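The values are calculated or read from the model by the stated rules, or taken from the named source; none is laboratory data. From a predicted model like this one, the values you see are computed outputs, not experimental measurements. As a convention, Cβ positions derive from the backbone with ideal geometry for all residues, glycine included, and neighbour counts pool all protein chains shown. When the accessible area is computed, the model is the full protein with side chains, heavy atoms only, and any ligands, DNA or RNA have been set aside. Shrake-Rupley method; radii C 1.70, N 1.55, O 1.52, S 1.80 Å.
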Amino acid sequence: MIYLDNAATTQMKQEVLDEMMPYFREYYGNASAVYELGNKSKYAIDVARDRAAALLHTKAERIFFTSGGSESDNWAIIKAAEMLKCKGKHLITSSIEHPAVINTMKALADAGFEVTFLPVDEKGLVSVRDVKNAIRDDTILISIMTANNEIGTIEPIAEIGALAHEHGILFHTDAVQAFGQIPINPDEMNIDMLSASAHKIYGPKGVGLLYLSPKASHIRSLIHGGGQERNKRAGTENVPGIVGFGKACELAASTVNERMQKESELRDYFIKRVLEEIPLTCLNGADGRDRLPGNVNIGFKFIEAESALILLDQKGIAASSGSACTAGSIDPSHVLLAIGHNEDEARESLRFTLSDVTTQEELDRTVDILKETVDMLRSANVFYQR
């Protein structure tokens with residue numbers, strides 16, 4: 001199999017699994033216990049927290065472990081809104097956010113908050129000017145993703161964060177797709193809250209983190225119960241998962257520059273071949289430095305993406321048509337609609353996302369099979385034949 005859906009999830013690294021294994025059976029103590037077996041689990045969590053903090057160039061005390069990116073997004077947005085509602089009830093986000101942000105914002109709108117969903121340009125970029133124009137006296141929170149999970153566009157987070165801080169507004173970013181893939185420094189990028197997930201960086205599923213700056217450190221818990229995570233996030237810790245996340249962070253920190261260069265070169269090679277060798281195609285999203293290194297999203301006129309994915313799967317290629325969290329939906333991608341595609345065009349796009357072990361040979365084979373697949377689907381399309 002040629003696996004090109006790494007934006008959905010990545011294969012866990014062997015080093016990550018090896019570090020996790022002892023905490024399933026040998027060091028299985030509850031981290032809240034006072035005896036030695038529990039202390040081993042607590043120490044392992046502390047090490048993982050240090051590793052996650054190092055990847056973000058921040059302090060360990062600002063990292064709080066969660067069950068994943070969706071929980072982190074919900075925690076940051078809901079609790080920040082509740083905490084600041086006495087100052088106002090206006091929230092700002094973009095029209096291309098992950099469902100974990102968009103649906104959380106919609107839930108807050110149902111609860112009496114007012115949400116502005118900013119448009120994006122044809123490349124998926126949020127305009128800093130649009131953010132500035134949307135800010136009101138009662139704006140209390142801005143949430144803009146670091147990079148889009150479908151089209152790979154990297155947003156001007158530092159500039160938006162600076163603008164938020166000029167107006168005394170909290171700034172959150174969903175960094176699930178960008179965390180560990182590109183350098184991120186919350187202090188330098190004016191980020192108050194940041195969400196991330198382990199399984200996007202070759203770690204285990206079911207574990208994530210929320211970064212809270214000193215400015216946001218007093219937001220309340222989303223999950224109530226015991227005193228875990230320094231009284232911020234209740235529930236017995238998933239020690240093996242947290243250990244794995246920490247190891248994945250350590251590996252990501254040591255290889256990020258190398259991976260960026262390799263994946264960017266392969267990404268551009270793949271895009272070039274597809275656009276040059278398959279007619280009636282277009283690249284969705286930004287290019288060059290404004291795009292995640294491993295993301296390719298291409299529109300193929302006169303095909304149906306779901307049919308193409310089935311045929312590619314039969315040939316041993318795993319790809320997608322958009323966010324894994326909306327797979328199976330009959331609705332076209334809200335991201336592709338937001339960048340100006342109509343519903344038919346949005347249903348004609350495929351996403352290929354690379355990993356650090358993707359090879360040029362795999363991409364060459366993918367292009368060859370893709371050419372056959374597109375030809376087959378177009379030959380059966382009466383509109384193409386006309």
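Each residue was assigned an accessible area with a 1.4 Å probe, and for Asp368 the value is about 70 Å².
Restricting the calculation to Cα atoms, region 117-176 yields a radius of gyration followed by a Dmax of 11.2, 33 Å. Computing FRET efficiency as 1/(1 + (r/R0)^6) for Gln14 and Arg365, where r is the C-beta to C-beta distance and R0 is 22 Å, gives about 0.35. The order of Cys282, Cys86 by accessible area, most exposed first and with a 1.4 Å probe, is Cys86, Cys282.
For region 162-250, the fraction of 1.4 Å probe accessible surface lying on carbon and sulfur atoms is 49 percent.
With the Cα gyration tensor of region 1-83 giving a ≥ b ≥ c as the square roots of its eigenvalues, does the rule (a/c under 1.5 for rounded; else a/b larger than b/c for prolate; else oblate) give rounded, prolate or oblate?
Note, shape of region 1-83 comes out oblate.
Positive end of the dipole of the chain (Cβ unit charges, origin at the Cα centre): among Gly226, Ile154, Asn257, the Cα lying farthest that way belongs to Gly226. Of the two radii for region 216-271, the radius of gyration is 1.25 times the Kirkwood radius, both from the alpha carbons; that is the Rg over Rh value. Once the C-beta distance of Asp187 and Ser307 is scaled by a Förster radius of 45 Å, the resulting FRET efficiency is 0.45 to the nearest 0.05.
In the calculated pair-distance distribution of region 127-272, the portion above 28 angstrom amounts to 28 percent of the Cα-Cα pairs. Just so you know, the averaged projected area of the alpha carbon convex hull for region 215-324 sits at 11.4 nm².
Scalar couplings 3J(HN,Hα) for region 224-241, obtained by applying the Karplus form with A = 6.51, B = -1.76, C = 1.60 to θ = phi - 60°, are 9, x, x, x, 5, 6, 6, 6, 9, 9, 6, x, 4, 5, 7, 4, x, x Hz; x denotes Gly and Pro. Axis angle, to the nearest 10 degrees, between helix 157-166 and the longest C-alpha principal axis of the chain: 50 degrees. Couplings 3J(HN,Hα) for region 204-221, derived from phi with the Karplus relation 6.51 cos²θ - 1.76 cosθ + 1.60 (θ = phi - 60°), are x, 7, x, 8, x, 8, 10, 8, 10, 6, x, 5, 10, 5, 9, 5, 7, 5 Hz, where x marks Gly and Pro. If R0 is 30 Å, what FRET efficiency do you get for Asn133 and Arg220 from their C-beta distance, rounded to 0.05? With a Förster radius of 30 Å, E is 0.45. Which distance in Å, rounded to a whole number, links the C-alpha centroids of region 28-57 and region 108-169? A separation of 35 Å, based on Cα centres. Per residue, the accessible area of region 229-353 comes to 44 Å² when a 1.4 Å probe rolls over the protein heavy atoms.
DSSP beta bridges confined to the chain are antiparallel in about 50 percent of cases.
Taking Lys and Arg as +1 and Asp and Glu as -1, the other residues whose beta-carbon sits under 12 Å from that of Ala318 total -1. If I compute solvent accessible area with a 1.4 Å probe over the protein chains, what percent of it on region 270-351 is carbon and sulfur? C and S fraction of accessible area: 51 percent. If you add up the charges near Ala53, with Lys and Arg at +1 and Asp and Glu at -1, over every other residue whose beta carbon is less than 9 angstrom from its beta carbon, what do you get? Charge balance near Ala53 sits at +2. Among Gln314, Gln11, Gln181, the residue with the largest mean-square fluctuation in a Gaussian network model of the chain, with springs joining Cα atoms closer than 10 Å, is Gln314. To put it simply, the accessible area of region 62-140 at a 1.4 Å probe is 48 percent carbon and sulfur. Against the empirical 2.2 N^0.38 Å (N residues), region 264-380 has a Cα radius of gyration ratio of 0.99. Taking amide H as placed 1.01 Å from N in the peptide plane, Ile2 has its amide H under 5 Å from the amide H of Ile317, Ala318, each at least 5 places away in sequence or on another chain.
Comparing Glu159, Glu343, Glu361 in a Gaussian network model of the chain (Cα springs below 10 Å), the most mobile by mean-square fluctuation is Glu361. Result for the chain in a Gaussian network model with C-alpha springs under 10 Å: among Lys87, Lys232, Lys123, the largest mean-square fluctuation is at Lys87.
Please work out the average accessible area per residue across region 37-98, using the 1.4 Å probe convention, and give it in Å².
For region 37-98, the per-residue accessible area is 36 Å².
Taken along the Cα-to-beta-carbon direction at a fixed 7 Å, the label points for Asp287 and Leu37 span 6.0 nm.
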